[in-house]
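Step one of this worksheet: look at the structure below.
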Amino acid sequence: MQLYIDTANLQEIQEASRWGVISGVTTNPSLLAAEGMSMSDAVDEISRLVPGPMSVEVVSTDAGEMVQEAHELAQLADNVVVKVPVTADGLQAVSRLSADGVDCNVTLVFSVAQSLLAARAGAAYVSPFVGRLDDIGSDGIEVVRKSAEVFAYYDLQTEIIAASIRHPQHVLQAASAGADIATVPYAVLKKMLHHPLTDTGLQRFLDDWQQMQDESS
Ligand code: G3P
């Protein structure tokens, strides 16, 4: 399973990409608004930091306007993937865009039925929102697992991005459930890295080594 970072914060993207573990970036209008960044600035800045796929979302709701907006976004950089919500207009836009060769990431997916519709419309990626389902007492990982089963059974090429990730267990559960990608907030990436036994273990190694140096000098 690949890891993307789910943020529009350039410092977070830069720091995580230095670790060498990030294959792509996902944004949404809320994340861009939090950084006060336009779509075009985001594409420009993020593509300097991460060469992999970068999802940027349309804000139109009409199919024709989504298609036009998506083409404008796709022209900003080769690695742009256009995020489109799973609405009737969104599916219509995705089917036209996929025929035009524009990769789409169908977003705001909360059910296997929506995943299947997105795949049939020609989405390159589908993004089940794991955390938001868990937030309402549903089981977000089950949507990932069952979508992966359906896609495998029918040999659908759409890749599953587990989104709305809240904690490291979500990442591991998404991997076990067959997600192709988990898009992870920076705070969760840091939690995946840190372990108190690593910190105390490293300190012990360094202290023991220093003690030997002190005794032999
Ligand atoms: O970008 C889509 C998704 O990852 C949003 O997550 O935390 O707003 O539910 P969240």
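The values are calculated or read from the model by the stated rules, or taken from the named source; none is laboratory data. These numbers come from a predicted model, not from an experiment. FYI the Cβ positions are ideal-geometry reconstructions off the backbone, even for glycines, and counts take in every protein chain you see.
Structure above, values below:
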item: Matching residues, the range 66-94, being under 24 Å from Phe110 (Cβ atoms) and surrounded by fewer than 17 Cβ atoms within 10 Å (Cβ to Cβ); result: Thr87, Ala88
item: Of residues in the range 4-31 being in a loop (DSSP other than H, G, I, E, B) and more than 12 Å from the ligand (Cβ to nearest atom), the one surrounded by the most Cβ atoms within 10 Å (Cβ to Cβ); result: Ile22
item: Cβ-Cβ under 7 Å pairs, at least 6 apart or on other chains, the range 163-181 side among the aliphatic types (A, V, I, L, M) and in a helix (DSSP H, G or I), far side within 12 Å of the ligand (Cβ to nearest atom) and at pLDDT below 95; result: none
item: Tally of residues being more than 19 Å from Ala182 (Cα to Cα) and within 16 Å of the ligand (Cβ to nearest atom) across the range 44-59; result: 2
item: Whichever residue in the range 118-143 is within 12 Å of the ligand (Cβ to nearest atom) and in a helix (DSSP H, G or I) and, among such residues, is surrounded by the fewest Cβ atoms within 10 Å (Cβ to Cβ); result: Asp135
item: Test for Gly64: is it under 23 Å from Ala99 (Cβ atoms), away from the ligand (no atom under 12 Å from the Cβ) and out of contact with any helix residue (DSSP H, G or I) (no Cβ under 6 Å at 6 or more places or on another chain); result: yes
